[in-house]
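One structure is given here, and the rest of the page talks about it.
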Amino acid sequence: MNLTKYNLFRPTKPLRMNQFLDDLAGSSFSDFFGADFVSATPSVNIVENEDSFLIDVAAPGLKKDDFQVNLENDNLVISASKKESNEVDDKGKFTRREFNYSSFRRSFHLSEEISTDKISASYANGILSIQLGKKSEEEDKKTTIEIN
């Protein structure tokens, strides 16, 4: 059985320039330039319920304290920063490293129907979940959301 490396970012019919670079380097574009060159923005799922929105951010390997969730000018801003360690432990050294969430920043514009008093966040099992409650009437605005 042969194992073939799958590259999510390579289209099914590669562009000629990408193919040229891959052939020239003998590896993918991200392998050639290093993992830090590739965007490390985590994926999100957004679900709307009758009384709220739920944003789930996939960010495995981070801790709750690595995140900041703030409100800036009607935008929900999610950011994280983590120092990368290149230390070798008893498991061995990295031969390939694709888990790269050293830092990222995502922002989402909040509609007028979102109540800033009804925003909460929690982090468990590699998923940052942010609950955005809808307004029932005019409410005061918060600027920082505590992560539970």
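Points worth noting:
- Sole exception among (1) part of a strand (DSSP E or B); (2) at pLDDT 90 or above for Asp65, by number: (1)
- Test: Phe53 is modelled with pLDDT of 85 or more, part of a strand (DSSP E or B), aromatic (Phe, Trp, Tyr) and under 11 Å from the mean Cα position of the chain (by Cα): no
- Residue within segment 103-124 that is modelled with pLDDT under 85 and either surrounded by 13 or more Cβ atoms within 10 Å (Cβ to Cβ) or in a loop (DSSP other than H, G, I, E, B) (or both) present: yes
- Total residues in segment 51-80, condition farther than 18 Å from Thr143 by Cβ and either of a type in the set (A, V, I, L, M, F, W, C) or surrounded by 14 or more Cβ atoms within 10 Å (Cβ to Cβ) (or both): 10
The values are calculated or read from the model by the stated rules, or taken from the named source; none is laboratory data. For clarity, every value in this text was computed on a predicted model and none was experimentally measured. So basically every Cβ, Gly included, is an ideal-geometry build from the backbone, and we count neighbours across all protein chains shown.
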